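For reference, the structure is listed below as structure tokens.
The values are calculated or read from the model by the stated rules, or taken from the named source; none is laboratory data. The structure presented is a predicted model; accordingly, all values stated were derived computationally and were not measured. Here Cβ is always computed from backbone atoms with ideal geometry, including for glycine, and neighbour counts include all displayed protein chains. The area values use the complete protein model at the heavy-atom level, side chains included, leaving out ligands, DNA and RNA. Shrake-Rupley method; radii C 1.70, N 1.55, O 1.52, S 1.80 Å.
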Amino acid sequence: MDYLTFKQQFDLKNPEKVYLIQGDQDYLTDQIKQQFIQLIPEEEREMNIGIYDMEEEAVGNAIGDAKSIPFFGERRLVIIKRPFFLTGAKTKSKVDHNLDDLIEYLKYPEPSTVLVIFAPYEKLDARKKVTKAVKTAAQVIDINQSSEQQVKRLVAEIVTDNGYQIEPSVVETIVQRTSANLTLIMNGLEKLFLYYQDTKVIEADVVADLVGQSMEQNVFDLVQLVLAKKVTKSIELYHSLLIEGEEPLRINAVLVQQFRLLLQVMILKKHGYSQGSLATSLKVHPYRIKLALQVGNKFNYQDLRRGYLGLIDLETSLKSTSQDPQFLFELFLLKFADVKASA
């Protein structure tokens with residue numbers, strides 16, 4: 001279930017006993033949390049809402065709370081945050097979790113308790129017993145995979161709800177700049193609401209100045225500059241990313257991901273895959289597939305392959321030498337562009 005479906009179907013009178021919210025979208029996470037809080041009357045919230053961070057306290061504490069009867073009310077709300085034990089990721093947390101407590105509770109959830117698990121991760125480890133138990137018992141809400149059209153609809157709703165007007169083309173620009181990241185979108189909209197508070201009509205003229213561009217979109221722009229062999233502009237954008245605090249290895253990792261995706265899309269497209277089937281097969285957000293198709297049509301396979309292999313070599317150099325990362329990136333660019341390309 002995606003966020004918009006959840007928003008439309010959520011029943012304050014008859015909620016499910018267990019929910020799993022998977023994804024790292026701060027804005028949507030906060031919106032969903034506020035909807036669950038509405039389950040508990042305001043005067044009962046202090047005694048009947050419990051919030052537990054799994055990187056700081058044991059899951060048994062949350063389960064103990066979930067088993068308790070409501071205090072002078074009809075319902076309890078128990079929220080579990082950052083359940084890293086559902087993933088394969090390593091953590092610095094030293095909390096010792098008895099996951100059998102959670103697994104046993106999920107078999108027979110307390111009828112008067114709503115248990116909500118917020119998992120701010122792109123992927124969970126489906127092989128784990130505890131993950132299987134959670135997914136079996138819970139109503140799952142995936143906030144990672146909102147489609148481009150869903151994000152556009154949500155942005156239009158937010159703008160309208162705040163008393164503003166916006167053209168679809170402006171929504172398109174905002175979504176593209178932010179790579180459909182709703183946290184970045186909301187930060188930008190707050191600035192746009194302030195800027196256009198007199199006219200109440202959001203126009204395209206200041207979007208580039210007020211709506212921050214995502215790391216992925218910046219790197220996507222960099223990919224296009226590299227492939228076009230525009231050396232000077234590529235160096236300028238790379239340098240600006242460093243100034244903004246991005247780590248060279250992270251920039252390179254995203255570049256590698258983008259080039260790999262372009263290659264995969266180009267190959268699978270030749271085998272007859274549609275835009276929708278590409279997103280499903282590659283397990284990539286449909287918006288990224290759309291952009292990859294647009295870029296892939298402009299460049300040839302050999303350049304994509306050379307760029308990808310060059311970036312792999314660059315990653316090795318970044319990890320194994322103490323040379324300046326920008327210098328190494330410039331060497332990669334010059335080799336890829338054969339030095340003769342125009343800037």
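Observations on the structure shown:
- Relative contact order (percent, whole number), the chain, Cα cutoff 8 Å, 6+ residue spacing: 16
- Modelled this way, with points 7 Å down the Cα-to-C-beta line, the labels at residue 316 and residue 244 are 3.0 nm from one another.
- Extension reserve of the residue 198-residue 42 stretch, reckoned as 0.36 nm per residue once the Cα distance is removed: 52.7 nm
- In summary, the helical segments of the chain meeting the span-like criteria, namely a full DSSP H run, a Cα extent along the axis of 24 angstrom or more and a mean Kyte-Doolittle hydropathy of at least 0.5, are 248-270.
- Straightening the chain between residue 309 and residue 123 buys 64.3 nm, computed as 0.36 nm per residue apart minus the Cα-Cα spacing.
- Candidate values (i) 69, 47, 42; (ii) 85, 59, 34; (iii) 77, 53, 42, label of the one derived for Cα extents along the principal axes in Å: (iii)
- Per-residue SASA entry for residue 205, accessible area with 1.4 Å probe, Å² rounded to 10: 100
- Relative contact order, percent, the range 167-272 [alpha-carbon distance under 8 Å, six or more residues apart]: 24
- Candidate lysines for bridging to residue 13, where Cα separation is under 17 Å - those fewer than 8 sequence places away on the same chain excluded: 33
- Local electrostatic count, residue 227, Cβ distance below 13 Å [Lys/Arg +1, Asp/Glu -1]: +4
- Each Cα pair under 8 Å and six or more residues apart adds its sequence gap; the mean of these over the residue count of the range 1-74 is a relative contact order of 24 percent.
- Backbone amide hydrogens, once placed in the peptide plane, bring residue 20 within less than 5 Å of 117, 139, 140, 141, excluding anything fewer than 5 places away on its chain.
- Filter on 81/269; 230/290; 132/290; 123/152; 7/298 - keep pairs with C-alpha separation over 30 Å: 81/269; 132/290; 7/298
- Eligible aspartates and glutamates near residue 229 by straight Cα distance, threshold 20 Å, same-chain separation 8 or greater: 216, 221, 303, 313, 315, 330, 338
- In terms of its alpha-carbon gyration tensor, the range 217-343 comes out prolate; a/c meets the 1.5 threshold, and the first ratio a/b outweighs b/c.
- For the range 285-343 and the range 14-49, distance of Cα centres in Å: 44
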